[in-house]
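Structure, as structure tokens:
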Amino acid sequence: MDPQSLSGIEEIDAQHKEIEETARAVIEAVAARDKWHVVHYILVRLYELLRFHFAVEESVMSIVSFPDIATHKQVHREILAMVERLKAASLDPQSCGHDETMETQFGFLTRIVDHDKSFDDFVVANIPGLRN
Ligand SMILES: [Fe+2]
Ligand SMILES: [Fe+2]
């Protein structure tokens, strides 16, 4: 994981790391032209990791009264909707997620933690001692 992407909050960083690794596994499975069920299984895993992670972040946002919560939640909804679409598309053995358009979309997943910077800084500023 890019050190620039680390928030310094142990639990959040661990979740981001697992999400990034799983997103990379999707990209690699598509690049290797793995069978549709392999791609689908990893996308299901990615979706569940994201759903859990976003629920954690949104709970913390409420607790610390993060001012941009509505915008941040909207980004979460858009990412989940995109992964949901990919998950559904991967069920089609004909497409198998192997077209270039889908590879481009999978590429976006590796930057899934980028939108958290202002949230991480706000949380650290409002919960002293959280950053390692
Ligand atoms: Fe995040
Ligand atoms: Fe987020």
field: Calculated FRET value between GLU28 and VAL56, using beta carbons and R₀ = 35 Å, to 0.05
entry: 0.85
message: Straight-line reach only, C-alpha to C-alpha below 30 angstrom: list the lysines that LYS35 could link to, leaving out same-chain residues fewer than 8 apart.
response: LYS17, LYS87
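Every number here is computed from the coordinates shown, using simple stated rules; none is lab data. In this text, all values refer to a predicted model and were calculated from it rather than measured experimentally. No Cβ is skipped: glycine too gets one built from the backbone with ideal geometry, and neighbour counts run over all protein chains shown.
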